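Note sheet for the following structure.
Here, each number is a calculation from the coordinates, and none is a lab measurement. As the structure is a computational prediction, the values presented were derived from the model and not from experiment. For neighbour counting, all protein chains shown are included, and Cβ atoms are generated from backbone atoms with ideal geometry for every residue, glycine included.
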Amino acid sequence: MTQKSFPADFPELLYFGKGSTMSSTPHIHSFYQLEICICGEFHGRSREKNVRLLPGHYWLIPPETVHHFASYRKDVEYYTLKFTFQSAVPEREVYDDVTKYHLEAIRRIICNETPPSAFSNSGKEIIEAHLYAFLNHIASHAEETQERESDFIMRLREEICCHGYRMNVNELVQFCRCTRPQFKYRFKKESRWNGTIKQYIDHVLFEVARNHLQYSGMSLSRIAAIMHFPNLSLFSRFIRKQSGMPPSRYRKTLRNASPGSPE
């Protein structure tokens with residue numbers, strides 16, 4: 001698919017809403033569904049993939065895709081959009097400034113943080129325009145000849161996210177059921193990471209922490225606990241080491257760069 005093959009008609013928004021409970025029963029429908037995680041964490045499954053959504057993450061579910069929500073934390077908060085669209089868009093996540101911009105713009109309208117109201121015709125049209133640009137960008141990105149992260153590296157990333165600060169190199173080696181030299185060889189072969197494995201673990205943890213700080217309203221203590229840091233002091237030192245500033249100031253910097261983030 002290329003941009004030239006994209007239809008001229010915009011998506012038609014059928015429904016939008018904020019939720020905190022999810023269907024665990026596999027189901028299917030004829031429209032697209034877009035889930036945007038705002039707070040907490042939830043897991044979903046389709047025939048093709050397993051997904052784990054943290055604040056700032058999204059899951060685009062194409063029509064006729066059997067899916068369900070496997071699990072979620074009690075404090076989860078998300079937005080759902082259901083819409084029809086003429087073109088096929090892959091079930092793929094692209095995280096860059098373009099997708100963040102359009103998702104944030106949609107969220108702000110739904111939250112009534114910027115006019116017009118999402119319930120008005122003009123508000124609906126603006127959401128549909130952002131959806132169109134968002135879908136077009138994903139489809140174009142899928143066409144680029146970009147090396148895909150291997151299943152092995154994706155599993156490592158999931159394991160790091162699941163165990164948080166408790167994860168270390170030895171734990172990853174045990175998870176892969178191989179020797180340490182075998183693990184190092186495979187990691188070097190399949191990853192695009194230039195540093196050490198410990199630095200990679202810290203990199204993944206910092207990505208998770210940054211999303212929590214930017215997109216969730218949770219306290220620093222709560223974020224530290226969710227990410228399995230033994231105490232807030234250690235979490236603060238980790239953020240300061242990675243970002244060069246304490247977490248409270250880093251959170252403020254992130255939100256100033258992304259207007260509309262929760263206070």
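For the cross-link pairs Lys82/Lys188; Lys49/Lys241; Lys49/Lys188; Lys49/Lys198; Lys188/Lys252, which exceed 30 Å when the distance is taken from alpha carbon to alpha carbon?
From Lys82/Lys188; Lys49/Lys241; Lys49/Lys188; Lys49/Lys198; Lys188/Lys252, over 30 Å: Lys82/Lys188; Lys49/Lys241; Lys188/Lys252.
Taking R0 as 25 Å, what FRET efficiency do you get between Lys18 and Cys162 from their Cβ-Cβ distance, rounded to the nearest 0.05?
Plugging the Cβ-Cβ distance into 1/(1 + (r/R0)^6) gives 0.45.
For the chain, modelled as a GNM with alpha-carbon contacts under 10 angstrom, which of Pro181, Pro62, Pro26 fluctuates the most?
Pro181
On average over all directions, what projected area in square nanometres does the chain have, based on the convex hull of its Cα atoms?
Orientation-averaged projected area of the Cα hull: 14.9 nm².
Using only Cα atoms, find the angle between the long axis of helix 97-110 and the longest principal axis of the chain, and express it within 0 to 90 degrees, rounded to the nearest 10.
For helix 97-110, the angle is close to 60 degrees.
Helix 121-143 sits at what angle to the longest principal axis of the chain, using alpha carbons and giving 0 to 90 degrees rounded to 10?
The angle comes out near 50 degrees.
Scaled to the compact-protein estimate 2.2 N^0.38 Å, what is the alpha-carbon radius of gyration of segment 3-143, rounded to two decimal places?
Expressed relative to 2.2 N^0.38 Å, the Cα Rg reads 1.00.
Roughly how many nanometres apart are two label points built 7 Å out from the Cα toward the Cβ at Val66 and Lys184?
Rounded to a tenth, the inter-label distance reads 4.4 nm.
Expressed in nm to one decimal, what extension gain is obtained for the pair Thr25 and Asp75 from 0.36 nm per residue of sequence separation less their Cα-Cα distance?
So the chain would gain 16.0 nm between Thr25 and Asp75.
Relative to the first principal axis of the alpha-carbon coordinates of the chain, what is the inclination of helix 180-190, with its axis defined by its Cα atoms, in degrees from 0 to 90 and to the nearest 10?
With rounding to tens, the tilt is 30 degrees.
What does the highest-first list of 122-132, 50-60 look like by mean Cβ count within 10 Å?
50-60, 122-132
Highest GNM mean-square fluctuation, the chain, Cα pairs closer than 10 Å: which of Leu81, Leu135, Leu14?
Most flexible of the set in this elastic network: Leu14.
Between segment 32-76 and segment 200-260, what is the separation of their alpha carbon centroids in Å?
The distance from the Cα centre of segment 32-76 to that of segment 200-260 comes to 22 Å.
With viscosity set to 0.890 mPa s at 25 °C, what whole-number translational diffusion coefficient in µm²/s follows for segment 151-257 from Stokes-Einstein and a Kirkwood radius over Cα pairs?
Calculated translational D: 168 µm²/s.
State the extension gain, in nm to one decimal, for the chain segment bounded by Glu171 and Ala129, taking 0.36 nm per residue of separation less the distance between their alpha-carbons.
Separation in residues times 0.36 nm, less the Cα-Cα distance, equals 10.6 nm.
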